[in-house]
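Presented below is the structure to which this report refers.
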Amino acid sequence: MRGHRADWYSCGVNGIEISRRHYLAEVAPGLAGVPHAAALLGPGSEILGYDDEVSPDHDFGPRVQVFYPDHDTVGEFFSGWLGFDPAEGVSVADWLLTPTQIFASLTRGAVFHDPSGELGARRAAISFYPDDIWRYALAAAWRKVGQEESFVARTGSTGDDLGSRVLAARLVRELIRIAFLVERCWAPYGKWLGRAFGELKVAGRLSPLLSSALSATSWRSREEALVAAASLLGSATNDLGLGEALDPSPRQFYTRDIRVVGADRWTCALTAAITDPDLRALLDRLGTRLAIPKIPGTIDQVVDNTDILGDVARCRAASALLGL
């Protein structure tokens, strides 16, 4: 590949295509007759397809990962990023201790050559959660909404407009993450969360409501937009058939002049439908006999720190936080 890196974008060529051309023109010819696989996976905005003329200023350029099956480099690569090799199975702990941004970085990107199917098989194994893990992650996501959904109005009604806005933004983020779960898509890290959300099917209806919640100048308007967004996602959750279908209509929060969707109802319905023995044992340890299950969820529902979520060893060491 020749030319200044930023010039490639003016020609409509993105990072994945740059690396594909690099592999075909410069790498593959030198590996003729040598069994191998080749791909572009892992970190980087180009893996998600979001690179642009700004991206070449760091850690960027024509690159390709080459895997030699006789050295088991495919298994080593995935184990290095995940802490386990998907070809050997994915346990409950593996699913819960792996950030969605890591799953996204390994299932997006591009595979340029994979004659044995080793890359494809591992990517398929982590394409999305099995149904019971999906139920658990969704239940925990709704629990996070349930913990704060009444606070936007409560703070606003006391004159704390800044506090109400901060809480609204927190809830918008949690609702966006529910949208990814509903559509069986891995949420990327924060920089690209909004852009990736815009690609979801539900975004066309949900985005205006979330934008209204963020731009509202009164707590009443903020509350109205948030409950409408949560109701939409409640209906979408019902449509998945993962648990008992619930009335998604907004409702009064106890006897207070506050409107909520009653997010914890989905937490209860989804956890009640879980049958996997390992997850049921985890739920029992966490206290599902309570009126509302106190479930922490996945690693990125518990931890919001880039230095942790980007470090496989630290994520794997956080099992106690998740009740594992």
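The values are calculated or read from the model by the stated rules, or taken from the named source; none is laboratory data. Please read these numbers as outputs of a predicted model, since none were measured by experiment. Backbone-built Cβ (ideal geometry, glycine too); neighbour counts: all protein chains shown.
Any residue in segment 121-135 that is farther than 16 Å from Gly234 by Cβ, touching a Gly at 6+ places or on another chain (Cβ under 6 Å) and of a type in the set (Asp, Glu)? So far as segment 121-135 goes, no, none of its residues is farther than 16 Å from Gly234 by Cβ, touching a Gly at 6+ places or on another chain (Cβ under 6 Å) and of a type in the set (Asp, Glu).
Yes/no per residue for (1) in contact (Cβ under 8 Å) with a residue 24 or more places away in the chain; (2) farther than 13 Å from Ala140 by Cβ:
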site: Ser218; (1), (2): yes, yes
site: Arg222; (1), (2): yes, yes
site: Ala230; (1), (2): yes, yes
site: Leu286; (1), (2): yes, no
site: Ile295; (1), (2): yes, no
site: Ala317; (1), (2): no, yes
site: Leu321; (1), (2): yes, no
site: Leu324; (1), (2): yes, yes
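Residues in segment 160-177 that are closer than 15 Å to Arg143 by Cβ and not aliphatic (A, V, I, L, M): Arg170, Arg173, Glu174, Arg177. Residues of segment 184-209 that are farther than 22 Å from Asp304 by Cα and not in a helix (DSSP H, G or I): Glu199, Leu200, Lys201, Val202. Comparison of Leu171, Leu167 shows that the only residue that is crowded, with 18+ Cβ neighbours inside 10 Å and without any contact (Cβ under 8 Å) to a residue 24 or more places away in the chain is Leu167. Looking only at residues of segment 106-121 that are in a helix (DSSP H, G or I) and surrounded by fewer than 21 Cβ atoms within 10 Å (Cβ to Cβ), we find that the one that is farthest from the chain's Cα centre (by Cα) is Glu118. If you go through segment 122-154 and keep only what is under 30 Å from His36 (Cβ atoms), small (Gly, Ala, Ser) and surrounded by 15 or more Cβ atoms within 10 Å (Cβ to Cβ), you end up with just Ala125. Could you grab me the full set of residues in segment 92-105 that are within 20 Å of Asp131 (Cβ to Cβ) and outside any helix (DSSP H, G or I)? Residue satisfying the conditions is Thr98 alone. Taken as a whole, the structure places Gly146 among residues that are modelled with pLDDT of 95 or more, in a helix (DSSP H, G or I) and small (Gly, Ala, Ser).
For (1) modelled with pLDDT of 95 or more; (2) assigned to a loop (DSSP other than H, G, I, E, B); (3) buried (at least 18 other Cβ atoms within 10 Å of the Cβ), each residue gets a yes or a no:
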{"site": "His22", "(1), (2), (3)": "no, no, yes"}
{"site": "Ala39", "(1), (2), (3)": "yes, no, yes"}
{"site": "Gly42", "(1), (2), (3)": "no, yes, no"}
{"site": "Ile47", "(1), (2), (3)": "no, no, yes"}
{"site": "Val66", "(1), (2), (3)": "yes, no, no"}
{"site": "Phe78", "(1), (2), (3)": "yes, no, yes"}
{"site": "Val90", "(1), (2), (3)": "yes, yes, yes"}
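Of all residue pairs spaced 6 or more apart or on separate chains, those with beta-carbon atoms under 6 Å, a first member in segment 27-43 that is under 10 Å from Val66 (Cα atoms) and a second member that is surrounded by 10 or more Cβ atoms within 10 Å (Cβ to Cβ) and polar (S, T, N, Q) are Ala39/Gln65; Leu40/Ser19.
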